[in-house]
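Structure first, then comments.
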Amino acid sequence: MNGINTASGQVKVEIADRVAAVTLDRPPVNALSSGFYEEIGTVMELIAADSRVSVMVLMSASPRAFCAGADMTELAALSGPDAEQADARRQELARRVFGQLLDLPQPSIAVVDGPAVGAGAVIASCADMRMGSPRASFTLPEVAVGRCGGGRHLMRHLPQGVVRRMFFTAQPLTSEEALRFGFLDSLHDSTDLVPAAMARARDIAAHSPLALRLGKAALNESEPLPVQEGYAVEQQYTLRLARSADSREALAARREKRAPRFTGR
């Protein structure tokens, strides 16, 4: 087992079986300060470039929340002539981290065992898959504190009416609602949630690392396109993957009824 060390230790990473288990650990509720955003961004850069990693699992060490969103203490401290510039920098950091999560080359799973609030809900939305417990909830509270929130990110997953209800009421989407709308793809007891997510991650990581990365790129690039154009993009990735050694190995292993030996090439 290997890990990635960060300066403050607020983002912990363990790598085993081609799975990077990333734990947010900024007590008490993983509030997103500028420094915490920077640390998450640094970890995403390292994971994206790490050939040992085929899947990322993102979770929280806090027993109280997945992520409580913006650090309200930091926001409240913004004052004076530099306040607007500092606030703009926070927004830029948030956009960069959300983009890194969306564009992470490897598939990702968010493990949500508690409230995901504001930017925390956005972080969960940027994962490819979300697994939760009955304690999970998702809230866009920004309108109640004089802000605009991450509605556009949630619109990728939820009906417009649901997102606008969340936005204008600042009331949470429960775990049962999230499951019904497909935002969560499964619910587990809190004690079973992380083992279930890690088991899924290991199953995914058993596939060709090249196929996973090319497949993720194909999905991301085709998502905003009309159906025919998007499918044409996927076909280009299919042709690229078909020329790889991993593709030939996958076919040979199936034909010979054995486990594949992928090289990532």
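The values are calculated or read from the model by the stated rules, or taken from the named source; none is laboratory data. None of these values were measured; they are calculated from a predicted model. Please note: Cβ atoms are built from the backbone with ideal geometry, for glycine as well, and neighbour counts cover all protein chains shown. For accessibility, only protein heavy atoms count, side chains too; no ligands or nucleic acids. Shrake-Rupley method; radii C 1.70, N 1.55, O 1.52, S 1.80 Å.
If you roll a 1.4 Å probe over the heavy atoms of the protein chains, what accessible area per residue do you get for the chain, in Å²?
Result: 50 Å² of accessible area for each residue.
I'd like the trypsin sites (Lys or Arg not before Pro) in region 150-202 restricted to DSSP loop residues with at most 16 other Cβ atoms within 10 Å, sorted by number.
Arg156
With +1 assigned to the C-beta of every Lys and Arg and -1 to the C-beta of every Asp and Glu, and no other charges, what is the dipole magnitude of region 163-265 about the Cα centre in debye, to the nearest 20?
600 debye
Taking amide H positions as placed in the peptide plane 1.01 Å from N, state which residues far from Val57 in sequence (5 or more) or on other chains have amide H under 5 Å from it.
Correct list: Ala20, Ala21, Val22, Ile109.
Can you tell me the dipole magnitude for region 102-199 around its Cα centre, using point charges on the Cβ only (Lys, Arg +1; Asp, Glu -1), in Debye to the nearest 20?
That gives region 102-199 a dipole magnitude of about 440 debye.
Provide the convex hull volume over Cα atoms per residue for the chain, in Å³.
144 Å³
Only Lys, Arg, Asp and Glu count, each charged at its Cβ (+1, +1, -1, -1), so figure out the dipole size of the chain about its Cα centre, rounded to 20 debye.
The dipole of the chain has a size of about 900 debye.
Quickly estimate the mean residue ellipticity at 222 nm for the chain, helices only: each DSSP H run with n ≥ 4 gives -39500 (n - 2.57), and the total goes over all residues, rounded to 500.
Calculated at 222 nm, the ellipticity per residue is -14500 deg cm²/dmol.
Could you sort Cys67, Cys148 by their accessible area in this structure, using a 1.4 Å probe and putting the largest first?
From most accessible down to least: Cys148, Cys67.
Of Val117, Val145, which has the most accessible area and how do the rest follow, probe 1.4 Å?
Val145, Val117
Out of the total accessible area of the chain (probe 1.4 Å, heavy atoms of protein only), what percent is carbon and sulfur?
Result for the chain: 55 percent of the exposed heavy-atom area is carbon or sulfur.
For region 85-98, take each phi angle, set θ = phi - 60°, evaluate the Karplus expression 6.51 cos²θ - 1.76 cosθ + 1.60, and give the result in whole Hz per residue in order, putting x for glycine and proline.
Calculated HN-Hα couplings, in order: 5, 5, 5, 4, 5, 4, 4, 5, 4, 4, 4, 5, 5, 4 Hz.
Could you tell me which of Ala252, Gly230, Leu210 has its Cα farthest along the dipole of region 210-265 towards the positive end, charges placed at Cβ (Lys, Arg +1; Asp, Glu -1), taken about the Cα centre?
Ala252
Short version: what are the Cα gyration tensor semi-axes of region 49-160, square root of 5 times each eigenvalue, largest first, in whole Å?
25, 18, 14
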